[in-house]
Structure formats: C-alpha cells, structure tokens
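*Asks:* Mind looking over this structure? Questions follow.
The values are calculated or read from the model by the stated rules, or taken from the named source; none is laboratory data. On a predicted model such as this, the values are computed, not experimentally measured, just so you know. Backbone-built Cβ (ideal geometry, glycine too); neighbour counts: all protein chains shown. When the accessible area is computed, the model is the full protein with side chains, heavy atoms only, and any ligands, DNA or RNA have been set aside. Shrake-Rupley method; radii C 1.70, N 1.55, O 1.52, S 1.80 Å.
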Amino acid sequence: MWIASQTGDPLDLLRRMKFETVGFHPVDGCALNVVEQINQTWTYTVALAATKQLLDLHPDAGGFRLAPGASASQALDIMSLAEGLVGAETCPAVDPRNNRKLVKDIDKLAHRLEWYRYVFFMSPLFPGGKRLPELERDGVQVWSVNV
C-alpha cells in the first residue's frame with residue numbers, strides 16, 4: 001500500500017525504501033527500512049525451510065532452536081535441542097559464493113563439535129531442495145532449499 005501511494009521521482013522512492021523506517025521486522029514487528037524487511041523476511045524463510053528439512057532428517061533431535069541472521073542468542077542459526085547433535089547455518093543469496101558466504105559458513109561449522117553440521121541456502125542458481133555434495137567439505141553437508 002505504501003509503495004503504491006508513492007508518486008514522483010523513482011530514485012526518491014528507492015532512497016526512502018533504503019533509508020526510512022517504513023517497513024517492519026517479520027517476527028518482532030519493529031520498524032525497519034523496506035530493504036532490511038526483505039532481507040530479514042528471506043533470512044527467516046530460509047531458516048524455517050531448513051528446519052523443516054532437519055526435522056525430517058533428525059526426528060531424534062528433540063526439536064530445534066532458531067536464531068537466524070546476526071542474532072547472538074546462540075552460536076548457530078539452527079541448533080538441535082539434543083545437545084551437540086545438529087548445528088546449521090542458513091542464508092538466502094543470489095549466489096551463495098558471493099562474498100565467500102558459503103566458504104565462511106562451512107569454515108565456521110568445520111570447527112564445531114555437533115555430530116551433524118549443515119549449511120542451507122536458497123538461491124535461484126541452485127533451484128530445488130537437494131543436497132549438493134560438490135559444494136561440501138570438512139564433514140559439513142550443503143543443501144539448497146526451496147520455498
């Protein structure tokens with residue numbers, strides 16, 4: 001509704017979307033700019049899709065705690081309630097290789113002690129929810145998710 005009501009300079013619309021708090025966080029409802037609202041929405045969406053996959057793979061995990069994105073409330077984006085069983089990092093990305101995001105997430109998990117370690121991402125370059133062994137190393141599984 002807010003975007004449809006905008007008139008005038010298209011660059012001004014983009015400036016407002018980037019710098020003004022006209023959007024909202026998808027979970028806690030606090031004010032955000034629209035660009036950050038989009039980023040946070042996809043961050044949570046990918047984490048939820050990954051958790052669904054993890055529930056199928058690890059019914060013995062006792063459930064999962066989620067803290068996707070830059071949250072410092074736990075060490076990883078997704079952690080099993082069964083201590084030390086499952087840990088995962090998640091991200092939405094145009095290309096998970098951009099900014100070495102995939103490498104950094106695998107590096108982070110490579111030194112963790114969880115029995116099962118994963119990176120889940122959503123990217124138009126890797127459609128479909130499937131395991132991607134060609135991207136794996138150091139015992140960390142890599143999966144694309146689809147929403």
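*Asks:* HN-Hα J couplings of segment 32-37 from phi, Karplus 6.51/-1.76/1.60, θ = phi - 60°, integer Hz, Gly and Pro as x?
*Replies:* Values per residue, Gly and Pro as x: 9, 6, 5, 4, 5, 4 Hz.
*Asks:* Counting each pair of different Cα atoms once, what's the Kirkwood radius of segment 23-99 in Å, rounded to one decimal? Present the calculation step by step, with values, prior to reporting the outcome.
*Replies:* Values: mean 1/r = 0.0750 Å⁻¹.
About 13.3 Å, per the Kirkwood formula over Cα pairs.
*Asks:* Here's another thing I want to ask about it. Select from LEU81, LEU55, LEU13 the residue whose mean-square fluctuation is largest in a Gaussian network model of the chain (Cα-Cα springs shorter than 10 Å).
*Replies:* Most flexible of the set in this elastic network: LEU13.
*Asks:* Can you give me the Rg/Rh ratio for the chain, using Cα atoms for both radii and the Kirkwood formula for Rh?
*Replies:* On the way: Rg = 17.2 Å, Rh = 16.5 Å.
Result: Rg/Rh = 1.04.
*Asks:* Let me ask something else about it. Please report, largest first and rounded to whole Å, the three semi-axes of the ellipsoid equivalent to segment 75-147, where each semi-axis is the square root of five times an eigenvalue of the C-alpha gyration tensor.
*Replies:* Values: eigenvalues 80, 32, 23 Å².
Sorted largest first and rounded, they come to 20, 13, 11 Å.
*Asks:* Per residue, how much accessible area does segment 19-91 show when a 1.4 Å probe rolls over the protein heavy atoms, in square angstrom? Present the calculation step by step, with values, prior to reporting the outcome.
*Replies:* On the way: 3650 Å² over 73 residues.
Here the residues of segment 19-91 average 50 Å² of exposed surface.
*Asks:* With the dipole of segment 60-113 worked out from charges on the C-beta (+1 for Lys and Arg, -1 for Asp and Glu) around the Cα centre, which of SER80, LEU109, ASN99 lies farthest toward the positive end?
*Replies:* ASN99
*Asks:* Using +1 at the Cβ of each Lys and Arg and -1 at the Cβ of each Asp and Glu in the chain, identify which of ALA50, ALA31, SER144 lies farthest towards the dipole's positive end.
*Replies:* Positive-end residue among those listed: SER144.
*Asks:* For every other residue with a beta carbon closer than 9 angstrom to the beta carbon of VAL86, add +1 if it is Lys or Arg and -1 if Asp or Glu, then tell me the sum. Before the final figure, lay out the partial values.
*Replies:* Working: positive: ARG117; negative: GLU114.
Around VAL86, the surrounding residues sum to 0.
*Asks:* Now for a separate question. As a test question: what accessible area, to the nearest 10 Å², does LYS104 have when a 1.4 Å probe is rolled over all protein chains in place?
*Replies:* That residue has around 120 Å² of solvent-accessible surface.
*Asks:* What is the local net charge at ASP56, summed over the other residues whose Cβ is closer than 15 Å to its Cβ (Lys, Arg +1; Asp, Glu -1)?
*Replies:* Working: positive: LYS52, LYS130, ARG131; negative: ASP60.
Result for the neighbourhood of ASP56: +2.
*Asks:* A further question on this structure: Using a 1.4 Å probe, how large is the accessible area of VAL147, given in Å² and rounded to the nearest 10?
*Replies:* That residue has around 100 Å² of solvent-accessible surface.
*Asks:* Probe radius 1.4 Å, ligands and nucleic acids left out: which of VAL35, VAL119 has the largest accessible area, and how do the rest follow?
*Replies:* Values: VAL35 50, VAL119 0 Å².
Result of the area sort, largest leading: VAL35, VAL119.
*Asks:* Using a cut-off of 19 Å between alpha-carbon atoms, which aspartates and glutamates can reach LYS104, once sequence neighbours fewer than 8 places away in the same chain are excluded?
*Replies:* Answer for LYS104, where 19 Å is the Cα cut-off: ASP77, GLU89, ASP95, GLU114, GLU134, GLU136, ASP138, listed by chain and number.
*Asks:* Going by Cα centres, segment 109-147 and segment 27-68 are how many Å apart?
*Replies:* Cα centroid to Cα centroid, the span is 15 Å.
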